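Everything below concerns the one structure shown next.
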């Protein structure tokens with residue numbers, strides 16, 4: 001990852017507690033992310049493993065928060081939500097919370113084809129990662145989104 005971690009942390013910590021008012025800070029933080037933390041170097045630096053996990057978690061949290069905020073009427077921006085989720089999944093491809101976010105985004109956008117694609121992707125990811133199934137929260141959301149026509153937030 002080529003990222004000024006101090007700037008990322010500053011923007012994330014400033015934006016996270018502010019709800020919709022903090023979304024621009026969070027998007028600025030996520031724009032600093034360029035790939036996975038220590039990508040290619042983590043194996044050479046075993047000391048970095050806990051730091052990498054912390055950084056991944058923070059990036060996923062920021063991406064999730066942006067996606068959640070960007071499907072709210074107050075700061076609605078479907079493309080920004082998609083971009084945040086994509087960035088988060090590039091860093092942590094097993095972040096099921098981001099797949100749930102993407103399903104909510106596509107449902108909110110009224111895009112049933114993309115919704116079905118992301119349902120298939122999360123199930124494929126779970127199988128490839130050796131999980132027995134998707135998380136209960138994910139399965140509940142899939143049921144909710146595929147049986148209702150309302151907006152799931």
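The numbers here are math on the coordinates, done by the rules we state, and not lab data. Small disclaimer: the values here were computed from a predicted structure and weren't measured. All Cβ positions, glycine included, derive from the backbone under ideal geometry; neighbour counts span all protein chains shown.
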Checklist entry - In percent, what relative contact order does the range 1-91 have, based on Cα pairs under 8 Å that are 6 or more apart in sequence? => result 28 percent
Checklist outcome for this item: Convex hull around the C-alpha positions of the range 1-91: the volume in Å³ per residue is 74 Å³
Next on the checklist: Just want to confirm a number: the relative contact order over the chain, from Cα pairs under 8 angstrom separated by 6+ residues, in percent.
Outcome noted: 18 percent
Item to check | Expected-Rg normalisation [2.2 N^0.38 Å, Cα atoms] applied to the range 93-153 | outcome: 1.04
Checklist entry - Spin-label point model (7 Å from Cα, Cβ direction): what's the residue 39 to residue 143 distance in nm? => result 3.7 nm
Checklist entry - Which of these, 28, 12, 48, has the largest mean-square fluctuation under a Gaussian network model of the chain (Cα springs below 10 Å)? => result 48
Item to check | Chain lengthening between residue 136 and residue 57 when straightened (0.36 nm per residue, less Cα-Cα) | outcome: 26.4 nm
Item to check | Ordering of 64-76, 131-143, 104-116 by burial proxy (mean other Cβ atoms within 10 Å per residue, highest first) | outcome: 64-76, 104-116, 131-143
Item to check | Extension reserve of the residue 21-residue 48 stretch, reckoned as 0.36 nm per residue once the Cα distance is removed | outcome: 6.4 nm
Item to check | Structure-derived mean projected area of the Cα convex hull in nm²: which label, when the choices are (i) 10.4; (ii) 13.0; (iii) 9.3 | outcome: (iii)
Item to check | On Cα atoms only, tilt of 49-70 relative to the major axis of the chain in degrees | outcome: 40 degrees
Item to check | the range 82-153 - percent relative contact order, Cα under 8 Å, separation 6 or more | outcome: 32 percent
